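Report on one structure; see the data block that follows.
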Amino acid sequence: MGNAIEYVKMALKNIIANKGRSFLTMLGIIIGIASVIMVMSVGDGTANAMNSEVANFGTGQITIYCSEDAVNMQEWITPEDLQALQERIEGVDGATPNDSSSGSTITGKGEFSLSLNGGTEAMQKALNYNIKRGSYFTAIDVEEGNRVCVLTDSDAKRLFGSDDVIGMDIEVTINNISNNYRIVGVTQQKENSGFVSYTYEGMPVTLEVPYTSFLSFGWESDSFYSVTVFANDKASGEEVARDIVHLMESRHQCAGENYYQIQSFQDIVSELNGMLAIVTTFISCVAAISLIVGGIGVMNIMLVSVTERTREIGIRKSLGAKTSSILMQFLAEAAILTIVGGIIGILFGLLGAVGACKLMTISMGSVIHPGIQVSTILGATFFSCGIGVFFGIYPARKAAKLSPIEALRRN
Amino acid sequence: MENLIKVQDLCKIYNPGENEVRALDKVNLEINRGEFIAIIGHSGSGKSTLMNMLGCLDIPTSGSYYLNGKDVSAMNDNQLSEIRNEEIGFIFQGFNLIANLNAIENVELPLIYRGIGRSERNRLAREALIKVGLEKRMHHRPSEMSGGQQQRVAIARAIAAEPPVILADEPTGNLDSSSTQEIMDILKELHNAGRSVILITHDDDIAEQTKRVIRILDGKIVEDYYNN
């Protein structure tokens, strides 16, 4: 083994002497490793971004809705229930009915369809927005049934060409009845929420209004199909949900009838996580394929380069090289090539991942950090290098075991 | 003193069975130290097979082969590599230099496999190249040299480690007549310096320049005589 330095020197000499072939070998390894690191990092980064966004979006929200049985029995949720939920259950910050209606309006920019979300002032907790101008409507607005509304800055621009619209009126028409709503607040999309609240041109303009204002259109809001309760950070969502059902059942004397059902945001998050897992699996498959393709590339170039050097192996053996000496030389060559290729591959992979995430951040308006995992880097590197070394040595071993005259005969 | 080479009943049979080819058929041969021998025969006569056997490049089917007192016919692959390294210097018809190594690196190769340190190796390789008259070509690659010069590098490689036997397989087969004479002169010098040289050739003119001629035909030695 004292000759190890000699073998490394021989290997380096050969690598430098065959620049083209060495480069091609490394290219296979570089592409294999870089593509896996890039694909996995971008995939993980996207999944993480979606996950954290979803997590920000709806924690602590619990939606109660009436089951089919309750609807058949004409059991609804009443404003008094809403009041009781807020007053009697610990850990509840607020509650709002989920009342909605659709209508239309005509402004100087044309005719727009409207989606009106009626609720209490607590509805602002559900927002994925910050208040940009004005303020949200208040408990007094809800109590008095004032026709006030809040909308996003992008919707304001669609309707009026500007988001400086506080104090302006929108004429809302529902079922041929028209009423003016005064704009009291303009909201702005939070940063890093590109996935969840993506809007496009054809979508109706959304107005958030006190549910009591629907009285102006001739219907009284005294029963709701569903309400949303906001639990505070300290409260356990499950406990609050259980308490809510308990309270509702005792108020409506329907214990055990399953009239009131709960959908907490946790359920939605876990559903979304399930979808993300499918996406991640898909990404892993793509990565595995690129690893295999890279590995085959390395294998081919190694096989070719060793085969074309059978004669050299014959010469070395005739001069007294043992099979093990030949193997050491080829092992050193394969190791140097794969290590250098591996390092370059890792660098390109990381750069590529950062670059791709920058591009996605710019194009989607949502910040994505590459989810670089050491296990991915190590896995890809070991796999490619393993293939490189194996297919560098395996044919060399075969050639070294040939009798020297046979190896010398090959050209 | 025992013989340098002693071959007894050496057989090499290809395709044993119905279509067997007896490349060597019970060859007996003794060669002493310091001899200058030509093994001569037509192509297909078995002379290359004999050369491969003597050079420990191939294993005989039967018979025994003692090289420098060691029973080579019973050795395994690794031991044969060692024997080739220590006992034999090869000169091939096709030179068999490694293309991306320069002259001095090619000459150093057998010394590396022998485990000789760098400075000693370099000294021996330089000396050998000076002996064959290539002191000005030490850092040239094979592709930058003529055929005759390449064969001189190969001779330097064969003698650098001072092996007891120099085995030359048609060393002038690829060369023009003036290069041929250069190479023969070097081989004669080596002989005069006390080395044992075995030359395989099909050319009677070359054989005449040696001291002893062994003619081989159909795997058998048919003539064994000394030149005047």
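Derivation of every value follows stated rules applied to the coordinates shown; laboratory data play no part. Everything quoted here is computed from the prediction, not taken from an experiment. Cβ atoms come from the backbone with ideal geometry, glycine included; neighbour counts cover every protein chain shown.
Descriptive notes on the structure:
- Projected onto its three principal axes, the C-alpha set of the range A:256-411 covers 90, 41, 22 Å, listed from the longest axis down.
- Between the range B:69-113 and the range A:152-167, the alpha-carbon center distance in angstrom: 89
- Using a Gaussian network model of chain A in which every pair of alpha carbons under 10 angstrom is joined by a spring, one finds that among A:Ile131, A:Ile362, A:Ile30 the greatest mean-square fluctuation is at A:Ile362.
- Calculated on the alpha-carbon coordinates, the convex hull of the range B:27-157 measures out at 139 cubic angstrom per residue.
- Label-point separation in nm, A:Gln261 to A:Asn232, each point 7 Å along Cα→Cβ: 3.1
- Put a dot 7 Å past the Cα of A:Ala17, heading toward its Cβ, do the same for A:Ser100, and the two dots end up 7.5 nm apart.
- Look at the alpha carbon pairs under 8 Å that are at least 6 residues apart: their mean separation over the length of chain A gives a relative contact order of 31 percent.
- Projected-area average for the range B:1-69 over all orientations - Cα convex hull basis, square nanometres: 4.9
- Pairwise Cα distances in the range A:9-153 exceed 22 Å for 67 percent of all pairs.
- Near A:Lys13: Cβ cut-off under 11 Å, other residues only, Lys/Arg at +1 and Asp/Glu at -1. The net charge is -2.
- Of A:Thr78, A:Ala34, A:Gly91, farthest towards positive along the dipole that unit charges on Lys, Arg, Asp, Glu beta carbons give the range A:11-103: A:Ala34
- Values of log10 I(q)/I(0), in the order q = 0.07, 0.09, 0.10 Å⁻¹, for the protein assembly as shown under a Debye, Cα-only, solvent-free model: -0.64, -0.82, -0.95
- Structural size metrics of the range A:110-185, computed from C-alpha coordinates, are Rg and Dmax of 12.3, 33 Å.
- Taking every Cα-Cα distance in the range B:56-111 and sorting them into 5 Å bins from zero, the calculated P(r) comes out as 4, 16, 23, 20, 15, 12, 7, 2, 0 percent.
- For the range A:116-145 and the range B:145-212, distance of Cα centres in Å: 104
- Note: relative contact order over the range B:11-59, using C-alpha pairs below 8 Å and six or more positions apart, is 27 percent.
- In the protein assembly as shown, helical runs assigned H by DSSP with n ≥ 4 each contribute -39500 (n - 2.57); averaged across all residues and rounded to the nearest 500, the mean residue ellipticity at 222 nm is -16000 deg cm²/dmol.
- Contact order normalised by residue count of the range B:1-92, Cα under 8 Å, 6+ apart, percent: 32
- Size of the range B:138-228: Rg and Dmax of its alpha carbons, in Å, are 14.1, 45.
- Within a Gaussian network of chain B (alpha carbon springs, distance under 10 Å), most fluctuating of B:Gln151, B:Gln93, B:Gln181: B:Gln181
- Straight-line cross-link reach from B:Lys12 at under 16 Å between alpha-carbon atoms covers these aspartates and glutamates, not counting any fewer than eight positions away in the same chain: A:Glu406, B:Glu20, B:Asp25, B:Asp58, B:Asp218.
- Volume per residue that the Cα convex hull of chain B spans, once the total is divided by residue count, Å³: 130
- Convex hull volume of the Cα atoms of the range A:1-93, normalised per residue: 249 Å³.
- Average other protein chain Cβ within 10 Å of Cβ, residues B:72-85: 3
- Inter-centroid distance (Cα atoms) of the range A:17-46 relative to the range A:363-403, Å: 8
- Partner chain coverage, peptide A:3-9 - average Cβ within 10 angstrom: 2
- Spatially proximal lysines relative to B:Lys211 (Cα-Cα < 23 Å; intrachain offsets below 8 disregarded): B:Lys6, B:Lys47, B:Lys131, B:Lys188, B:Lys220
- Listed residues B:Leu24, B:Leu57, B:Leu187, most fluctuating in chain B (Gaussian network, C-alpha, under 10 Å): B:Leu57
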